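Just below is one structure, and these are the notes that go with it.
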Amino acid sequence: MVSKKLNLICRRANGGGFTLIEVLLALTIFSIGILAVAGIQIRSINLNTAARIQTEETTVAADWLERLRKMPYDHDMLEPSGNPHPVVEGPYQVSWIVSEDDPINDIKTITLSVTSGNHNGKLVKLNFMKAQDE
C-alpha cells in the first residue's frame, strides 16, 4: 500500500505537473527579482529628484547672479557690511557674500550660494567679480 502511494507520487513528479517545492522555489526566485527591480526603481526616483532640485538651484543661482550683475556698483545689496545677504525664494535659500578685494580698482568679489531644504539638494555656489561701471 505504501509502495503504491510512493509510486503514485513519483509518477506525478515525473509527469507534466509541478511539485509544491518547485513552485515555491520559482516564487522565491521571482520575488527576489521583483524586490531588486523595486530597489532600482526607488534609487532612480531619488536620483531624478536630486537632478531636478540641482537644476532648479542652478537656475535660481544664475538668475540671482544676473540680478546682482545688473545692480549699480554702490547698491546696498552689494555692500560688504551686509554680509551675508540672505533671501528666500520659494523652497530655496539664496545668500551672497561681498568682499572688496581690490578697492583701488573698484572690484568686488561676490560669492553666491543657493541651498534647498530637501535632503536630495546640494549646495550650488557661484563666484564672480563686479567692477565699477564707467
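The values are calculated or read from the model by the stated rules, or taken from the named source; none is laboratory data. Keep in mind the model is a prediction, meaning the values are calculated, not measured. Methodologically, a virtual Cβ is constructed for each residue, glycine included, from the backbone with ideal geometry; neighbour enumeration extends over all protein chains shown.
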* Is there a residue being touching a Leu at 6+ places or on another chain (Cβ under 6 Å), free of Cβ contacts under 8 Å to residues at least 40 places away in the same chain and not charged (D, E, K, R) anywhere in the range 103-112? -> no
* **Extreme residue, surrounded by the fewest Cβ atoms within 10 Å (Cβ to Cβ), among residues of the range 43-94 that are more than 21 Å from I107 (Cβ to Cβ), without any contact (Cβ under 8 Å) to a residue 24 or more places away in the chain and more than 18 Å from the chain's Cα centre (by Cα)** => V88
* To do: Could you pull out every one of the strands (runs of 3 or more DSSP E) wholly within the range 22-131 that has 2 or more residues that are in contact with a Pro (Cβ under 7 Å, 6 or more places away or on another chain)?
  => 92-102
* Test result for A26, surrounded by 11 or more Cβ atoms within 10 Å (Cβ to Cβ), over 19 Å from S113 (Cβ atoms) and at pLDDT 90 or above -> yes
* Can you name the residue in the range 95-134 that is more than 17 Å from R69 (Cα to Cα) and hydroxyl-bearing (S, T, Y) and, of all such residues, is surrounded by the fewest Cβ atoms within 10 Å (Cβ to Cβ)? -> T115
